[in-house]
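Let me begin by presenting the structure, written as structure tokens, before commenting on it.
Read-outs throughout are calculated quantities, based only on the coordinates presented, and are distinct from any laboratory measurement. Remember, predicted model here, so these are calculated numbers, not experimental data. Cβ placement follows ideal geometry from the backbone for every residue including glycine, while neighbour counts extend to all protein chains displayed.
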Amino acid sequence: MATTIRIADIANYVGQEVTLKGWVYAKTGKGRLHFVRVRDGSGQVQCVAFKKEIDPEYFEIVKGLTQESSVIITGEVRADERAKGFPAGYEIGLKTVEVVQEAVDYPITPKEHGTEFLMDRRHLWLRSNQQWAILRIRATIIKALRDFLDNDGFLLVDTPIITPAAGEETTTLFSIDYFGDEAYLAQTGQLYNEANMMAHGKVYCFGPTFRAEKSKTRRHLIEFWMLEPEIAYCSLEELMDVEEQMVAYVVQQVLEKNRPELEAIGRDISKLEVLTAPFARISYDDAVEKLQAAYEKEKDPEQKELLKIEWGEDFGSPQETALAEMFDKPVFVYHYPSAVKAFYMQPVDGRPEVCRSVDLLAPEGYGEIIGGSERIYDADLLIQKIDEHGFDRANYEWYIELRQYGTVPHAGFGLGIERTVAWICGLAHIRETIPYARLLNRKYP
Ligand code: 4AD
């Protein structure tokens, strides 16, 4: 009996007869020579069936193999520099084949399909090379983020998904019926993170978050995953240090572990290779000036309109893109106007119209991937802000208490996993960065 192997480990079995358990990705060939691309989840390899080398019974089965049929194959592993696959450089001289189930008329064929067609069949589309590669890169990104924080003394502390009050703003709350009471799906774990941080010093939460945002852009999901670190006795400058080290580490890990996947999705790897710390840091004031200067210079009226900004306005995608294009690495923009940011952000000393906030904008038009700030740590100021926002103080009693029992200056941020994956993979739309995207017009499958 040949050993059953994972294709990912194929390099260890050159010259040996092995068994693969997987699916037919594609089949080509005619006459006496057929090629079956077999995938097993861990990788993909071409199996070569040459009529004179195998039992006629098996040769007949190979000829009839259909896309995505489940199969068990045995054969000899050969090294061949030209062979494409994951990993590249190996093929299998097919000996036997057993069909576990024959797939008839698999709907996703090698021809072009429209995005809606594919999104309706997301449960199958996940098997395609590109989608397979993206989710592997996503897994590397998540692992790298967690490794970075775990190795830096952060503790993972989970936060609730069902919450009694807004964590960010009331306009994007998803309400649910909580036994007759109104409750909401978490927009952020941050507020609970702040309590956990008071217990553990440096913490992070990682989980799904929800925004009932009626925006239909290539950057917005209704359900997305956010990684949120929170640090006691931390300034905005120290927060940026953590962010840039972390992002540079993640990119480096993807380059180390997922080169074949990056190549499979056609990513320009040179754009990632330059992404070492530090990243540029500019103030909101400077950013507005830069955009206004770009506005003056722009000749194309349509482009010009997109750049338009007055001090005090938040940046939209076009402005974020234009700003990021002025740098070839991610860029920090700090000290945004308080009016466009969340209620909990610490005002700048002597200039309360701006706050100790910082966004990290990704290059190549991917926009904001991280939002963070110093948090208000004075109880009275926090109460004032909660009132100004018209929030019900009763819901925030516990949050205010954090400022009454040993309050400290602290800061934290949230990194959106899917925007980060879209940027690192160079994808045009965020919908392919998550296994089952929840969009304004989609909750199936
Ligand atoms: O800037 P946001 O809303 O920040 C917070 O929620 C803070 N409480 C985080 C914190 O400080 N602990 O969101 C943070 C990040 C954004 O930079 C973006 O990457 C992502 O979350 N994000 C979204 N990603 C996909 N779809 C959406 N609708 C998103 N909204 C935010």
**OP:** Determine ³J(HN,Hα), in whole Hz, for all residues of segment 100-116 in sequence, where each value follows from phi through the Karplus function 6.51 cos²θ - 1.76 cosθ + 1.60 and θ = phi - 60°; x replaces Gly and Pro.
**Re:** 7, 8, 8, 8, 9, 6, 4, x, 9, 9, x, 6, 5, 10, x, 4, 5
Original post:
Which residue fluctuates the most in the chain, going by a Gaussian network model with Cα springs under 10 Å, if the choices are Ala88, Ala293, Ala362?
Top reply: Ala293
Original post:
For Glu364 and Glu60 in one chain, what is 0.36 nm times their gap in residues minus the Cα-Cα distance, to one decimal in nm?
Top reply: 104.4 nm
Original post:
To the nearest 20 debye, what is the magnitude of the charge dipole of segment 263-362 about its Cα centre, counting +1 on the Cβ of each Lys and Arg and -1 on the Cβ of each Asp and Glu?
Top reply: 260
Subject >> Student exercise, the chain dipole from Lys, Arg, Asp, Glu Cβ charges, in Debye to nearest 20 >> reply: 2280
Subject >> Mean projected area in nm² (Cα convex hull; one quarter of hull surface) for the chain >> reply: 26.2
Original post:
Which value at 222 nm does the chain reach when only helices count, each DSSP H run of 4 or more adding -39,500 (n - 2.57), with the total divided by all residues and rounded to the nearest 500 deg cm²/dmol?
Top reply: -9000 deg cm²/dmol
**OP:** Run a plain Debye calculation on segment 98-202 (Cα atoms as equal point scatterers, no solvent) and give log10 I(q)/I(0) at q = 0.15 Å⁻¹, rounded to two decimals, same order as the q list.
**Re:** -0.92
Original post:
How much length is gained if the chain between Ala428 and Ile108 is pulled fully straight, taking 0.36 nm per residue apart and subtracting their Cα-Cα distance, in nm to one decimal?
Top reply: 113.1 nm
Subject >> Positive-pole candidate from Ala248, Pro278, Leu291, dipole of segment 246-291, charges at beta carbon >> reply: Ala248
**OP:** Please report Met197, Met226 as a ranked list, fewest other C-beta atoms within 10 angstrom at the top and most at the bottom.
**Re:** Met226, Met197
Subject >> Inter-part distance where segment 220-255 and segment 282-322 are each reduced to a Cα centre, Å >> reply: 26
**OP:** Please report the relative contact order for segment 357-445, taking Cα pairs under 8 Å with a sequence separation of at least 6, and give it as a percent rounded to a whole number.
**Re:** 28
Original post:
For a paramagnetic label modelled at 7 Å from the Cα of Ser42 toward its Cβ, which residues of segment 90-104 fall within the zone defined by backbone nitrogen distances under 18 Å?
Top reply: 90-93
Subject >> Under the Debye formula (equal points on every Cα, no solvent term), log10 I(q)/I(0) of segment 110-154 at q = 0.21, 0.28, 0.30 Å⁻¹ >> reply: -0.72, -0.97, -1.02
Subject >> Rg/Rg_globular for segment 3-101, with Rg_globular taken as 2.2 N^0.38 Å and Rg from C-alpha atoms >> reply: 0.94
